[in-house]
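Here the structure is laid out as structure tokens; the discussion comes afterwards.
The values are calculated or read from the model by the stated rules, or taken from the named source; none is laboratory data. Remember, it's a predicted structure, so these values are computed and weren't measured experimentally. Here the Cβ positions follow ideal geometry from the backbone for every residue, glycine too, while neighbour counts run over all protein chains shown. These accessible areas exclude ligands, DNA and RNA; they are computed on the full protein's heavy atoms, side chains included. Shrake-Rupley method; radii C 1.70, N 1.55, O 1.52, S 1.80 Å.
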Amino acid sequence: MGAHKPLAVVAVGGNALIRDSLHAGLNDQYDAVCATSEHVVEMIAAGWNVVLTHGNGPQVGFILRRSEIADGQVPTVPVCYAVGDTQGAIGFMFQNALGNALRAQRIPMPVVALVTQTLVDRDDPAFTRPDKPIGSFMTEEVAKHLAHELGWTVMPDSDRGWRRSIASPQPRRVIEAPLIETLARGGTLVIACGGGGIAVVESSNGALESVDAVIDKDRASALLAIELKADLLMIPTGVERVAVRFGRPDQQWLDRISVAQAERYASEGHFGDGSMAPKIEAIVKFVRAQPGAHGVITNPENIARALRGETGTWIENA
């Protein structure tokens with residue numbers, strides 16, 4: 001079942017689960033997952049096998065904040081376990097919602113959420129420059145107190161306050177990729193690589209050890225797509241298409257661009273470092289490594305239209 005279908009990796013952001021500050025509860029997140037799942041099932045109905053990856057930034061932040069509040073009463077939660085917790089919780093949301101959406105469409109496809117580890121290099125320079133903000137916003141005074149008490153690295157994040165910062169090393173290998181490929185090409189809808197995967201390093205004897213680090217979800221999704229030899233990397237986000245000169249009178253929406261054009265626009269600073277740039281970078285890496293493959297950025301409600309070539313920003317080899 002599913003062996004001859006094209007394979008897509010669909011990378012959903014953790015922020016896509018939270019519409020706004022008034023809808024951050026778990027039931028609200030589940031409602032958002034249900035809405036996205038409907039569109040992913042449209043993709044499956046159109047003939048695709050799918051591996052769905054997801055972010056977890058806000059959700060890890062919630063876990064760490066609860067841990068901070070309960071410090072002294074229960075053991076604190078290391079980041080690697082917080083990532084694992086979110087893989088289970090968000091994985092359950094998608095597994096349940098996708099299963100229900102598939103049944104509603106009478107598509108007999110099993111769904112599984114897989115706890116996933118991602119190998120990083122213990123000598124990655126990111127470990128000496130922890131610059132990925134995580135957890136809740138704090139005042140400068142509180143942040144520096146916690147840095148002194150708990151050995152944290154802290155940093156200002158936009159104009160909303162200070163946050164803990166942690167290493168974000170480059171992903172080197174998705175440990176469970178062979179199993180994910182077997183399941184996906186056999187016709188199972190796989191939810192994997194949540195939050196970029198749980199960061200692990202490898203000892204000389206092959207043993208894996210978790211480390212307190214977070215991996216960029218888009219980078220990990222691109223790596224997984226390469227390892228799976230996927231045909232498509234789709235990154236649903238908040239806009240239907242990507243623009244250059246965004247917000248200016250000469251703003252231009254991008255429909256189909258080459259890898260070289262994408263790299264040129266990125267070097268000219270058209271894509272925000274914390275928003276669109278990592279998505280463009282991920283798709284460029286995937287398309288360069290996978291001849292004949294494509295990448296597309298669009299919003300969840302336009303997934304089906306994008307697959308028909310009607311919208312989205314497509315990136316491909318010229």
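Say we look at the range 238-259 and pick out the residues that are closer than 30 Å to Gly61 by Cβ and in a loop (DSSP other than H, G, I, E, B); which of these is most open to solvent (accessible area, probe 1.4 Å)?
Taking the range 238-259 as the starting set, the residues that turn out to be closer than 30 Å to Gly61 by Cβ are 238-243, 246-247.
So of that shortlist, the ones also in a loop (DSSP other than H, G, I, E, B) come out as 238-241, 246-247.
Details: Gly238: 71, Val239: 47, Glu240: 67, Arg241: 65, Phe246: 138, Gly247: 65 Å².
Top of the filtered list is Phe246.
For the range 97-133, what are the residues that are β-branched (Val, Ile, Thr) and surrounded by 14 or more Cβ atoms within 10 Å (Cβ to Cβ)? Before you say what the answer is, go through the steps one by one.
So in the range 97-133, the residues β-branched (Val, Ile, Thr) come out as 107, 111-112, 115-116, 118, 120, 128.
Result: Val111, Val112, Val115, Thr116, Thr118, Val120.
Would you confirm whether any residue within the range 295-303 is farther than 30 Å from Cys34 by Cα and not aromatic (Phe, Trp, Tyr)?
So in the range 295-303, the residues farther than 30 Å from Cys34 by Cα come out as none.
Within the range 295-303, none of the residues are farther than 30 Å from Cys34 by Cα and not aromatic (Phe, Trp, Tyr).
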> Among the residues of the range 91-107, is there at least one that is under 24 Å from Gly309 (Cβ atoms) and among the β-branched types (Val, Ile, Thr)?
Replying inline: yes
> Here is a list of conditions, (1) in a strand (DSSP E or B); (2) open to solvent by less than 40 Å² (accessible area, probe 1.4 Å); (3) charged (D, E, K, R), and Glu209 meets all of them except one; can you say which number that is?
Replying inline: (2)
>> Just the residues that are modelled with pLDDT of 95 or more and among the hydrophobic types (A, V, I, L, M, F, W, C), please, taken from the range 46-66.
In response: Trp48, Val50, Val51, Leu52
>> Please go through the range 260-308 and give me each residue that is farther than 16 Å from Leu224 by Cβ, among the basic types (Lys, Arg) and not in a loop (DSSP other than H, G, I, E, B), ordered by number.
In response: Arg264, Arg305
> Which is in a loop (DSSP other than H, G, I, E, B), touching a strand residue (DSSP E or B) at 6+ places or on another chain (Cβ under 6 Å), under 15 Å from Pro278 (Cα atoms) and touching a residue at least 24 places away in the same chain (Cβ under 8 Å), of Ile235, Ile215?
Replying inline: Ile215
>> Tell me whether the range 36-54 contains one or more residues that are farther than 19 Å from Pro110 by Cα and either surrounded by fewer than 21 Cβ atoms within 10 Å (Cβ to Cβ) or under 17 Å from the mean Cα position of the chain (by Cα) (or both).
In response: no
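In the range 67-87, how many residues are within 24 Å of Gln117 (Cβ to Cβ) and either more than 21 Å from the chain's Cα centre (by Cα) or open to solvent by 40 Å² or more (accessible area, probe 1.4 Å) (or both)?
As a first pass, look at the range 67-87 and keep what is within 24 Å of Gln117 (Cβ to Cβ): 67, 75-87.
Within this subset, residues satisfying the condition of being either more than 21 Å from the chain's Cα centre (by Cα) or open to solvent by 40 Å² or more (accessible area, probe 1.4 Å) (or both) are 67, 75-78, 81, 85.
Qualifying residue count, the range 67-87: 7.
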> Is there any pair linking a residue in the range 155-174 that is at positive phi to one that is of a type outside the set (D, E, K, R) and surrounded by 15 or more Cβ atoms within 10 Å (Cβ to Cβ), with Cβ under 8 Å and at least six apart or on different chains, and which?
Replying inline: Gly161/Phe137; Gly161/Met138; Gly161/Ala143
> When the range 245-290 is examined, which residues are found to be more than 25 Å from Gly55 (Cα to Cα) and in contact with a His (Cβ under 8 Å, 6 or more places away or on another chain)?
Replying inline: Arg245
